[in-house]
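Have a look at the structure below, then the notes.
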Amino acid sequence: MTIVHETISTQLPGITCLPMSDFKTHRAKFFNKMETNSIAFFSAAGEVTRSNDTEYAFCQNKHFYYLTGFNEPDALLVLLKKDNSEQSILFSLPKDKHHEIWHGRRVGQDQACQHYNFDQSFVLDELTRLVPEYLNDLNQVYFCFDNTAMSQQIFTWLSLLRATVRQGNKVPEVLVDASPIINDFRLIKSANELAVMRQVNYISGLAHQRAMQKTAVGKFEYQIETELLHEFSRHGARHPAYASIVAGGDNANILHYTDNGEILKDNELLLIDAGGELSGYAADITRTFPVNGKFTKPQKLLYQLVLDTQLTVIAAIKPGITFIELNKIANEYLTQGLIDLAILSGDLTQLLIDKACKKYFIHGLGHWLGLDVHDVGDYHINENKEQCREFVAGMVLTIEPGLYMPNDDYDLDEKWRGIGIRIEDNIVITEQGYENLTVNSPKTVNEIEALMNHKI
Ligand code: GLY
Ligand code: MN
Ligand code: MN
């Protein structure tokens, strides 16, 4: 493992975004799934108000982004497959000098065709005129059923068209949920997507290194969060992929702790779960380390158990294996380890049947990762959810075992209380086995203690 102390973006491996042609390829894949004489609608996200007239940082709808690479709010992608032709049509906000002076530049319709490779582009106001024309005489409409606003809009358009059937117009009769189709595409990453994910993982690894080196007794958790954001941004990952978890001591036992407002104390651990977002793609890395740079004995024992569990699980990863099998490996390893530490007692087989380790390992082993941190894609391949999906090359997932021993768990020996540990890496399934994207965040006890000795 290489520990990088100072790096500038130009020295990082990989690419920082997909070429525009890849988004056209994604649309071509969707066209292939469409029946002839059909249409698909995908809407962009809107801006979200934070308070009064201020908004949160814009985050594009990820299905829309996957199909367009277009990062403005309030746009609509139409895919029209009719009479042996396939048309990608973008509806977006118009160029508007006054609005752009106040709020920022817009792509506009000309650039949408030239830069983003759409066949046609119109201002949003044209929807009312053009959509009934598109819909007339088609058989099927594809859209994401979980997008309530889009669904309502489509029902309105269909009703308007239905009101004109006496004039000879014909209304599409089949509605198809587009989400499962796109979910399956997104689950398998292309070489370019993997290159971006490699890059954002590397950047996030640098951020975890920086956080370790900046951590000290008496600092606030949010001051370490700032160091993460600084490092993400410095290398091109302008935003975190999700709210960073910077949890000192017992706060680590709150799984989605994001207050990040407390002081870091001597002899406690700090759990950081944080990843940057680069061109829409997420990293999701967790590291746990001692605030003062040196693990106590009980911390080290539990830490080593979580780490060995993670390494054992990762070593088993290959095409054809499933999360169920990996969970079995993790549960067996953790349960035996907890028996060895006298935290659990009894017969291993019975403890496994009783799922005894779940008292301390309270979340799943991992999840898909991609444009979303908890990425889309079914974990099962049949409707009644009996059969777990086998891993195939191109999937990306996290492996994140943990142990959580809260302060108020009085069943536990006092020495374990207030310790929460998670170690999370991001893994690509390859033809041969796997590739660990998380290559530059220290995770052995020695690596962590050595790095923390080098304050910056
Ligand atoms: N960062 C959220 C998770 O690990 O699932
Ligand atoms: Mn995760
Ligand atoms: Mn995480």
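Selection over region 229-276 of residues that are surrounded by 24 or more Cβ atoms within 10 Å (Cβ to Cβ) and without any contact (Cβ under 8 Å) to a residue 40 or more places away in the chain gives a count of 2. Going by the conditions given, is residue 367 open to solvent by 90 Å² or more (accessible area, probe 1.4 Å), farther than 20 Å from residue 406 by Cα and within 16 Å of ligand 1 (Cβ to nearest atom)? No, not satisfied. One residue stands out in region 398-407 among those that are more than 21 Å from residue 275 (Cβ to Cβ) and open to solvent by 10 Å² or more (accessible area, probe 1.4 Å): the one that is farthest from ligand 1 (Cβ to nearest atom), namely 407. Of all residues in region 300-312 being open to solvent by less than 10 Å² (accessible area, probe 1.4 Å) and not hydroxyl-bearing (Ser, Thr, Tyr), which is farthest from residue 220 (Cα to Cα)? For region 300-312, the residue satisfying everything is 310. Note on region 375-410: residues that are more than 25 Å from residue 432 (Cα to Cα) and at pLDDT 95 or above amount to 9. Scanning region 77-88 for residues that are open to solvent by 10 Å² or more (accessible area, probe 1.4 Å) and in a strand (DSSP E or B) gives 80, 81, 82, 85, 86, 87. Is it true that residue 410 is over 17 Å from residue 306 (Cα atoms), within 16 Å of ligand 1 (Cβ to nearest atom) and free of Cβ contacts under 8 Å to residues at least 60 places away in the same chain? Spelling it out, it is not the case that residue 410 is over 17 Å from residue 306 (Cα atoms), within 16 Å of ligand 1 (Cβ to nearest atom) and free of Cβ contacts under 8 Å to residues at least 60 places away in the same chain. For region 386-406, a residue qualifies if it is more than 10 Å from residue 187 (Cβ to Cβ), more than 13 Å from ligand 3 (Cβ to nearest atom) and of a type outside the set (Ser, Thr, Tyr), and the qualifying residues are 386, 387, 388, 390, 391, 393, 403, 405, 406. Test residue 10 against the criterion of being of a type outside the set (Gly, Ala, Ser), at pLDDT below 80 and assigned to a helix (DSSP H, G or I), and give yes or no. When the stated conditions are applied, residue 10 passes them. The single condition among (1) of a type outside the set (Lys, Arg); (2) free of Cβ contacts under 8 Å to residues at least 40 places away in the same chain; (3) out of contact with any His (no Cβ under 8 Å at 6 or more places or on another chain) that residue 150 does not satisfy is (2).
When residue 373 is tested against the conditions (1) within 16 Å of residue 326 (Cα to Cα); (2) of a type in the set (Val, Ile, Thr); (3) within 14 Å of ligand 2 (Cβ to nearest atom), the lone failure is (1). Scan region 423-456 for residues that are away from ligand 2 (no atom under 16 Å from the Cβ), open to solvent by 10 Å² or more (accessible area, probe 1.4 Å) and in a loop (DSSP other than H, G, I, E, B) and the total you get is 8. Residue by residue through region 291-306, note down the ones that are under 20 Å from residue 343 (Cβ atoms) and either away from ligand 3 (no atom under 16 Å from the Cβ) or touching a Phe, Trp or Tyr at 6+ places or on another chain (Cβ under 8 Å) (or both). Once the filter is applied, which keeps residues that are under 20 Å from residue 343 (Cβ atoms) and either away from ligand 3 (no atom under 16 Å from the Cβ) or touching a Phe, Trp or Tyr at 6+ places or on another chain (Cβ under 8 Å) (or both), region 291-306 yields 295, 296, 297, 298, 299, 300, 301, 302, 303, 304, 305.
When 420, 394 are screened for being more than 16 Å from ligand 2 (Cβ to nearest atom), within 24 Å of the chain's Cα centre (by Cα) and surrounded by 17 or more Cβ atoms within 10 Å (Cβ to Cβ), only 394 passes.
Restricted to region 232-264, and to residues there that are part of a helix (DSSP H, G or I) and of a type outside the set (Ser, Thr, Tyr), the residue that is farthest from ligand 2 (Cβ to nearest atom) is 234. Would you say residue 342 is open to solvent by 50 Å² or more (accessible area, probe 1.4 Å) and at pLDDT 95 or above? It is true that residue 342 is open to solvent by 50 Å² or more (accessible area, probe 1.4 Å) and at pLDDT 95 or above.
On the given criteria, is residue 361 open to solvent by less than 20 Å² (accessible area, probe 1.4 Å) and either within 16 Å of ligand 2 (Cβ to nearest atom) or polar (S, T, N, Q) (or both)? Criteria met by residue 361.
The values are calculated or read from the model by the stated rules, or taken from the named source; none is laboratory data. All figures in this text were calculated on a predicted structure; none of them were measured in a lab. Cβ: placed from backbone, ideal geometry, glycine included. Neighbour counts: every protein chain shown. Surface areas here come from the heavy atoms of the whole protein model, side chains and all, with no ligands, DNA or RNA. Shrake-Rupley method; radii C 1.70, N 1.55, O 1.52, S 1.80 Å.
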